[in-house]
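S.K.: Input: one structure, supplied below.
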Amino acid sequence: MTILDVVQHPNPVLREKAAEVTTFDKKIQTFIEDLYDTMAQYNGIGLAAPQVGVLQRIFVIGYEGVYHEFINPVLSNMSGQQSMNEGCLSIPGIQVPVDRYEKLTIKAQNRHGKTFTLDVDAMVATIIQHENDHLEGVLIIDKNLPIEG
Ligand code: CO
């Protein structure tokens, strides 16, 4: 079990666009385990690779017992609208109300390179959009003004 260092805003790595994953080897499988461990250590509900300084298109989520990894994710079928106060492990101490799609479809690969598709909504849809933004160098403070808390 390895707890990775979480990069904090304004570290410029958080503003980079992450690269596609092309090799699904033991190294990436270990890295994904480390992402889950690091997310749990800091009580996060999602963690993207750029947040630990790795510019690859990978994130994990863990919410109400649902744990999932997404590699090279593509979002589609977005619909509806919802707003939640979001926090971010890379920007401690603030929350930002962010408008997101309420429903979407995510197609991605798992750690073995197997492609899968999931339809998600509500909180999980928000988490996925938040983490997917990290792969594009986009942060919640770009969306709205932060509020304390
Ligand atoms: Co975040």
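S.K.: Working out 0.36 nm times the residue gap between E64 and D119, then minus their Cα-Cα distance, what length gain in nm do you get to one decimal?
M.R.: Numbers: separation 55, 0.36 × 55 = 19.80 nm, distance 1.67 nm.
Here the answer is 18.1 nm.
S.K.: Sticking with this structure for a sec: Lys pairs in the chain, Cα-Cα under 27 Å, at least 8 apart or on separate chains: how many?
M.R.: Summing the qualifying lysine pairs gives 13.
S.K.: Below 12 angstrom from the Cβ of S79, what's the summed charge of the other residues (Lys, Arg +1; Asp, Glu -1)?
M.R.: -1
S.K.: Once you order the gyration tensor axes a ≥ b ≥ c over the Cα atoms, which shape class does the range 1-41 get: rounded for a/c under 1.5, otherwise prolate or oblate by comparing a/b with b/c? Don't jump to the answer; show the numbers that get you there.
M.R.: Details: a/c = 3.29, a/b = 1.16, b/c = 2.83.
Since a/c reaches 1.5 but b/c is at least a/b, the shape of the range 1-41 is classed as oblate.
S.K.: Helix-derived [θ] at 222 nm for the chain: sum -39500 (n - 2.57) over DSSP H runs of at least 4, divide by residue count, nearest 500? Mind dumping the intermediate values first?
M.R.: On the way: 2 runs with 29 residues, N = 149.
That calculation yields -6500 deg cm²/dmol at 222 nm.
S.K.: A further question on this structure: Excluding I61 itself, what net charge comes from residues whose Cβ is under 10 Å from its Cβ, given Lys and Arg +1 and Asp and Glu -1? Please list the in-between numbers first.
M.R.: Details: positive: none; negative: E69, E131.
The answer is -2.
S.K.: A follow-up question, please. Restricting everything to alpha-carbon atoms, can you work out Rg to Rh for the chain with a Kirkwood hydrodynamic radius?
M.R.: 0.93
S.K.: Ranked from highest to lowest mean number of other Cβ atoms within 10 Å per residue, what is the order of the peptides 48-58, 111-121?
M.R.: So the peptides 48-58, 111-121, ranked by packing, come out 48-58, 111-121.
S.K.: Can you give the extra length, in nm with one decimal, that the chain gains between M84 and R15 once fully stretched, where that is 0.36 nm per residue apart less the Cα-Cα distance? Don't jump to the answer; show the numbers that get you there.
M.R.: Values: separation 69, 0.36 × 69 = 24.84 nm, distance 2.26 nm.
Result: 22.6 nm gained on full extension.
S.K.: Under 15 Å from the 7 Å Cα→Cβ point of N77, by amide nitrogen: which residues of the range 100-128?
M.R.: Zone members listed by number: 102-108, 116-122, 125.
Values quoted throughout were computed directly from the atomic coordinates according to the rules given, and no laboratory measurement underlies them. Since we're looking at a predicted model, the values are computed, not measured. All Cβ positions, glycine included, derive from the backbone under ideal geometry; neighbour counts span all protein chains shown.
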